[in-house]
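Everything on this sheet refers to the single structure shown next.
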Amino acid sequence: MRDMYMRSGHLFLVVYSVISYDSLIAAGRLIDRLRRVKALAASNPRHAHSNSMPFPPIIQLVGNKCDLTG
């Protein structure tokens, strides 16, 4: 189900916790997966949607909980 949303999305906001290194690693993995899914959708007509874009998606990485850092 998540891959379906990734294939049809155009802009993605990935939020991680600045106080958790594991959160940053998980965000990186999510971005890698997102790029793979979008590349597959672009190269495979079976996965392509009418709203697919010919260029890479916009991905914004956002750090959260900045007020909790020492």
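The values are calculated or read from the model by the stated rules, or taken from the named source; none is laboratory data. Because the structure is predicted, anything quoted here is derived from the model rather than measured. Please note: Cβ atoms are built from the backbone with ideal geometry, for glycine as well, and neighbour counts cover all protein chains shown. These accessible areas exclude ligands, DNA and RNA; they are computed on the full protein's heavy atoms, side chains included. Shrake-Rupley method; radii C 1.70, N 1.55, O 1.52, S 1.80 Å.
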Could you please let me know if PHE12 is of a type in the set (Phe, Trp, Tyr) and at pLDDT below 80? no
List the pairs whose first member sits in the stretch 16-35 and is closer than 27 Å to MET4 by Cβ and without any contact (Cβ under 8 Å) to a residue 24 or more places away in the chain, whose second member is aliphatic (A, V, I, L, M) and surrounded by 13 or more Cβ atoms within 10 Å (Cβ to Cβ), and whose Cβ atoms are under 6 Å apart, counting only residues at least 6 apart or on separate chains? LEU30/VAL14
Residue hits (the stretch 1-34; small (Gly, Ala, Ser) and open to solvent by 50 Å² or more (accessible area, probe 1.4 Å)) are ALA26
How many residues does the stretch 1-45 hold that are part of a helix (DSSP H, G or I) and within 15 Å of VAL62 (Cβ to Cβ)? 8
